[in-house]
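Here's the structure, in C-alpha cells; my notes come after.
The values are calculated or read from the model by the stated rules, or taken from the named source; none is laboratory data. Not measured: the values here are computed from a predicted model. FYI the Cβ positions are ideal-geometry reconstructions off the backbone, even for glycines, and counts take in every protein chain you see. All accessible areas refer to the heavy atoms of the entire protein, side chains included, with ligands and DNA or RNA removed. Shrake-Rupley method; radii C 1.70, N 1.55, O 1.52, S 1.80 Å.
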Amino acid sequence: QVQLVESGGGLVQAGGSLRLSCAASGRTASVNAVGWFRQAPGKERDFVAEISWNGGSTRYADSVKGRFTISRDNAKNTVYLQMNSLKPEDTAVYYCAAARLVVRTTPDYWGQGTQVTVSS
C-alpha cells in the first residue's frame, strides 16, 4: 500500500501564494504518477495537476495553468504544489492522489486532504 499525507494548507489573501506538500510512504516504487485534486463545498472533486514520477512530465487544469506549478523530490518521496496568484475561486479542500498508471483517470491512493481558503 501507499500512504499519502498532505500539508501546507491554510488561509491566504487573494493574490498571495501557498505551497502544498504531499509526502508518500509505503510501496512507493509502484507509483507511476502523483496528482492534486480539489473539492469546493457542494461541488465535485476536480483535477488540478499531475506529474509522472520518473519522467517528470506535467499536466494542469486550464483554471490553474500559469499560476500553479507541480514538482517532485524523488529522494524525499514528496510532491509539491506551488500556488501563486491565488483567487477566491481556488478555495477548496486539496487532495493528493497517486496511481500505478494514470492518476487523472484512475487514482489508486488518496490523502486525507488539506483546506485552502483564499480571502478577497
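The residues on offer are 102, 64, 79, and the sole one that is among the β-branched types (Val, Ile, Thr) and over 14 Å from the mean Cα position of the chain (by Cα) is 102.
Applying the criterion of being open to solvent by less than 20 Å² (accessible area, probe 1.4 Å) and part of a strand (DSSP E or B) to the residues of region 38-69, the residue that is farthest from residue 8 (Cα to Cα) is 51. On the stretch given as region 17-37, residues that are assigned to a loop (DSSP other than H, G, I, E, B) and loosely packed, with under 14 Cβ neighbours inside 10 Å total 2. Condition test on residue 74, is it polar (S, T, N, Q) and free of Cβ contacts under 8 Å to residues at least 24 places away in the same chain? Taking the combined requirement at face value, the residue satisfies it. For region 111-120, enumerate the residues that are at pLDDT 95 or above, in a loop (DSSP other than H, G, I, E, B) and either of a type in the set (D, E, K, R) or over 12 Å from residue 24 (Cβ atoms) (or both). Of everything in region 111-120, those that are at pLDDT 95 or above, in a loop (DSSP other than H, G, I, E, B) and either of a type in the set (D, E, K, R) or over 12 Å from residue 24 (Cβ atoms) (or both) turn out to be 112, 113. Checking region 70-93 against the condition returns no match, with no residue being modelled with pLDDT under 95, polar (S, T, N, Q) and closer than 19 Å to residue 13 by Cα. Checking region 79-92 against the condition returns a match, with at least one residue being in contact with a Cys (Cβ under 9 Å, 6 or more places away or on another chain), closer than 16 Å to residue 24 by Cα and either open to solvent by 60 Å² or more (accessible area, probe 1.4 Å) or of a type outside the set (Ser, Thr, Tyr) (or both). Out of the residues in region 111-120 meeting the condition of being of a type in the set (Gly, Ala, Ser) and crowded, with 16+ Cβ neighbours inside 10 Å, tell me which one is farthest from residue 13 (Cα to Cα). By that ranking, first place goes to 111.
Within region 44-93, count every residue that is over 20 Å from residue 32 (Cα atoms) and of a type in the set (Phe, Trp, Tyr). Adding up the residues that qualify gives 1.
Would it be correct to say that residue 108 is closer than 16 Å to residue 30 by Cα and either open to solvent by less than 60 Å² (accessible area, probe 1.4 Å) or not aliphatic (A, V, I, L, M) (or both)? It is true that residue 108 is closer than 16 Å to residue 30 by Cα and either open to solvent by less than 60 Å² (accessible area, probe 1.4 Å) or not aliphatic (A, V, I, L, M) (or both).
For region 1-16, filtering for residues that are in contact with a Leu (Cβ under 7 Å, 6 or more places away or on another chain) and exposed (fewer than 13 other Cβ atoms within 10 Å of the Cβ) leaves 2. Here 28, 91 are screened, and the one residue that is farther than 19 Å from residue 2 by Cβ, of a type outside the set (Gly, Ala, Ser) and in contact (Cβ under 8 Å) with a residue 40 or more places away in the chain is 91.
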